[in-house]
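J.: If you scroll down you'll find the structure; I have some questions about it.
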């Protein structure tokens, strides 16, 4: 028998189910949504009043931390808000941020929202990893920003010189490039006066707080309108299902980018709503940067740890071998939370084992589900679960409609947390909602136990990703991908499933370079990756994992008979991957169509690994 979970106070697990004659079902929480804040600024003002000296934000500064208290954050936000008002910024001339999470980024965000000026944080990868800046150009053309901010002018010199921002004021934290007219961030302050108070009083539930950009499968950036109602109602719902947040202000160490709804609307706003402390993690789950995350977690023990599956995959080896890190990580930890993609069960079990090893009991592990368009939480786990895949129950105030679609149940959403639409794209807005006003999120779900709906919903993949083999059998991409990632470890970093209108399913495998090299310890450290991937030991491990999937049973739709190992990582320019590490299946299949053809070519290509 497994050790028990650590105790944590949750709202009761309950759901109301309305069953309709057409087969659709509408799920609701029996707990009504309680009144919520007019705007996020009310939370900042509350904690600046009640706990002015408490650390709100901290970021690395040499060997120590630069800290910002709630009292200082409010004063800074009001000063920056005054500067934005003086510049005439508005929804038609918003503030645009190009750089990573940082205290100054947060102050600009808080100052803008305090006076009703929308913010548009843009993925730094669009500026730093892109070669053509196409997405930044498209976003700037749509927004027509009045101000563009980057923390480091030298680091962002390429995009600042290549993109026409329409005469927007350029604000830089440091290192202005020669010849570029720019304002220093330190100068973006002026004494707040009556205008700030008047503007703050005018901010209401319908005020646009920010624009967050998603690309979808087409690669064309869409500006999702995020209102204060969306953000504040969502935080109220979180507080109601996780009442322990009011008992212990959350302390989190978090790298998740603020240009995404998970890191910003869920995590940053949760800290602000509950008077917690956010340590801005300057690491990421990639070689060379995960070490920074590890160093931060050696110093700070979070009460909740948020990450995406790829982040846990990168962190777990350090937790397994470093006793001091493991002790500090679990010392104050109340809960582990994953989202953004399905967590392979082998990672879930490793985290449980580490928790039991360190503290003699299992740390509560949960997930949630939503989208940029839903602020983001739609469903959330507020009860104990013992395996990955369960995404919880509808949050208070939110309705989830399950609509039969082919062989699945399509999930649709309605509630105060749902976007009013896409900025300046009425066509996209109209297509996104059904006749009852439910947002078509594009995901599928199923009951974990159809006889007991209160046990939660399981994520059942993307509607558009699933396909049929020539036999007519459906391949459920999400399910096979998660199982394959576990079976093919440590060779596979990610997997794209192929086989549309073919006899057999196949895998395009994005290689995990450190994992593959670990299988070949006698090869030189600088051996070309292509050489490593062709090594017999790597090939044998991949074949072993593929054979294991087949032996699990379930038929031809649950395993692949062929695979190609790819040395080229997914391209952000081609929209193959987000900076959170989520793979766009459709974009990869389109861009790498030649590899798909090679995978199925006869006679069999020598590079194709088959069972």
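Every read-out reported here was derived from the displayed coordinates using simple, explicitly stated rules and does not represent laboratory data. Values in this document were obtained by computation on a predicted structure and should not be read as measured data. When we count neighbours, we look across all protein chains shown, and the Cβ atoms used for this are built from the backbone with ideal geometry, even at glycine.
J.: Ranking 43, 266 by Cβ neighbours within 10 Å, fewest first, what do you get?
T.: Starting with the residue having the fewest Cβ neighbours, the order is 43, 266.
J.: Taking N as the number of residues in the range 527-611, what value does Rg over Cα atoms divided by 2.2 N^0.38 Å take?
T.: Ratio of Rg to 2.2 N^0.38 Å for the range 527-611: 1.20.
J.: Across 5 Å bins from 0, what is the distribution of all Cα-Cα pair distances for the range 71-219, in whole percents?
T.: Binned Cα distances yield the sequence 2, 10, 20, 23, 21, 13, 7, 3, 1, 0.
J.: What's the exposure ranking of 80, 238, going from fewest to most Cβ atoms within 10 Å?
T.: So the ranking, lowest neighbour count to highest, is 238, 80.
J.: Let me ask something else. Which whole-number percent is the relative contact order of the chain (Cα, under 8 Å, 6+ apart)?
T.: 13
J.: Per the Debye formula with a single identical scatterer at each Cα and no solvent contribution, what log10 I(q)/I(0) holds for the range 467-610 at q = 0.10 Å⁻¹?
T.: Those come out to -0.32, one per q.
J.: A further question on this structure: Neighbour counts of other C-beta atoms within 10 Å: give me 107, 231 arranged from fewest to most.
T.: Neighbour counts put them in this order, fewest first: 107, 231.
J.: Points 7 angstrom from Cα along the Cβ direction at residue 470 and residue 2: gap in nanometres?
T.: Here the answer is 4.2 nm between the modelled labels.
J.: Taking the Cα centre of each part, how many Å lie between the range 205-253 and the range 501-522?
T.: Each part's Cα centre sits 36 Å from the other's.
J.: Then there is this: Using alpha-carbon positions, what is the distance between the centroids of the range 541-578 and the range 79-109, in Å?
T.: After rounding, the separation between the Cα centres reads 43 Å.
J.: Next question, about the same structure. Counting each DSSP H run of 4 or more residues in the chain as -39500 (n - 2.57), what helix-only mean residue ellipticity at 222 nm follows after dividing by all residues, to the nearest 500 deg cm²/dmol?
T.: -9500 deg cm²/dmol
J.: What whole-number volume per residue, in cubic angstrom, does the convex hull of the C-alpha atoms of the chain give?
T.: It comes to 163 Å³ per residue, whole-number rounded.
J.: Can you give me the C-alpha center-to-center distance between the range 256-311 and the range 1-65, rounded to a whole angstrom?
T.: 16
J.: Still on this structure, please answer the following. Can you tell me the length gained on complete extension of the stretch residue 286 to residue 597, counting 0.36 nm per residue apart and subtracting the Cα distance?
T.: Residue separation times 0.36 nm, minus the Cα-Cα distance, leaves 108.9 nm.
J.: Oh, and also: At a threshold of 8 angstrom on Cα-Cα distance, excluding pairs fewer than six apart, so keeping six or more, what relative contact order does the range 467-610 reach in percent?
T.: 25
J.: Take peptides 10-21, 303-314 and line them up by average Cβ neighbours within 10 Å, highest first, as a rough protection proxy.
T.: Put in order of decreasing packing, that is 303-314, 10-21.
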